[in-house]
Structures are given as structure tokens and as C-alpha cells.
Amino acid sequence: MQLLEAFNPLDHNPEQGEGQLPVGKHPVIITGGEIKATKNNDGGFVSLALLIIDGPLKGATGPYRLNLYNASETSVRIAKSQLSALCYVTQRFQLGQNGTDLSPLFNVPFIVEVAPQADERYTEIKKVFDINGNAPKAQGGGNTQPQAPAQQTGGFVQNNAPVNGSGGFGGGGGGGFTQPAQQEPQPQTAWGGAANNQQPAAGAKPAWAK
């Protein structure tokens, strides 16, 4: 998955964000993602697919949305801080050769803390931690050398039902990395001049990103 412009996680404070997963703390991996347009087609956001990899809700999935291409400068700043936090907790500080490739973040375990929104029908990711439970810190972030990208598994997974697993984050009972079963069909709407919600061709940007 490619961003529309280079991102350096070290340029931003690692902060926290939004999502739609069950309430609680869960060990997860990112299995894929895509750039989507807003409903008004005046901006876009990165939607990352998270998969719970252990515990009673093993197999459950949900998106983590980062408003990187929003008209609001505040929203963009927060989204960049959230992406920086993901880079810190996965220890992936080099997003490809040009800073636009998110695949190095895929399949690296970390922990999310999910809480209800004001409307309790919805949840949001309040905090992220590394797999040992440590919060991201701008100082002493650890290894800042580029890492080899993990194998990319592609798009979103279907969440038909939680899969029974072990009770802990790292215990037995098949708590390893579960590969997504299938890809979610692409929405059949156009955005930014690209049909069927396809991402722009290499080197091209949607109108709202220029």
C-alpha cells in the first residue's frame, strides 16, 4: 500500500486514534489497507485493517482510520501523530525507500486499547502499545534502522465471527498470526477521478490531494 506522499514518523509526536473494534485491550496485526475518499469527496483517509490475533476475540477485525488527507490541519496533524505511534510500537521507522509504503507495518504484532465513543454503538482506538505493553515514546524510540517489510497479505478481511483462542495475548492455543480469509469487495463508487474507488496510478494524485 502506497501513501500519496512521503511520511517520516520521527517528525511527529506518537499519539492515538479512532477505530471500530470490540472494547478492551487486544493484540493485533495490520493485514492491509487502502486510501478512501470522504463522503463529500473533498478529502481522503487511510483505512488500515486490524486483526485480533489472540484471546477470546481472536479473529475479529476492524478498521483504523487515519485522516491524513483532510481539509482540517488539526485532523491531519492528529492522523500523522497516530501513524507515528504505529511506527513506534511496531519499530518500523522506514516506510519503504521513499517513505510512502505502509507494508512494513503489516503483520507486526502490537496492542490496541479500544473504548466506546460518546455514541456507544461505536468504538475508537484510544491508545496503542507495543506487544510488551509499552506506550510509544518520542524519546528513546529504539531501533531506527530500516527494517525489511513483512509479507503483505493484502486487503481487508471479513469478520464473520470471533474465533476461539487462548485467554492471553501471547499464550498457547494457536495465538500466532492468522492470515486473512478473503478480501473485502471494493466499493463501486468513484473518488478523486478514479473509478471504482481505485487508488491513483503511480505518480498521480486525486484532485483533493493536489
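All of the numbers you see were taken from the coordinates with simple rules; none came from a lab. If you're wondering where the values come from, they're calculated on a predicted model, not measured in any experiment. Every residue, glycine among them, receives a Cβ derived from its backbone with ideal geometry; neighbour counts consider all protein chains shown.
May I ask you to give the average projected area over all directions of the convex hull of the Cα atoms of the stretch 1-134, in nm² rounded to one decimal? Walk me through the numbers on the way to the answer.
Details: hull surface 31.6 nm².
Dividing the Cα hull surface by four gives the mean projection, 7.9 nm².
Our estimate of slack between Asn41 and Asn134, defined as 0.36 nm per intervening residue step minus the Cα-Cα distance, is 29.7 nm. Rounded, prolate or oblate, given the Cα gyration tensor of the stretch 65-115, with a/c below 1.5 counting as rounded? Judged from the Cα gyration tensor, the stretch 65-115 comes out oblate (a/c at least 1.5, b/c at or above a/b). Taking other Cβ atoms within 10 Å as a rough exposure proxy, Thr31, Thr100 sort from fewest to most as Thr100, Thr31.
Protection proxy ranking of 51-64, 114-127, 86-99, 68-81, by the mean of other Cβ atoms within 10 Å over each peptide's residues and highest first, is 51-64, 86-99, 68-81, 114-127.
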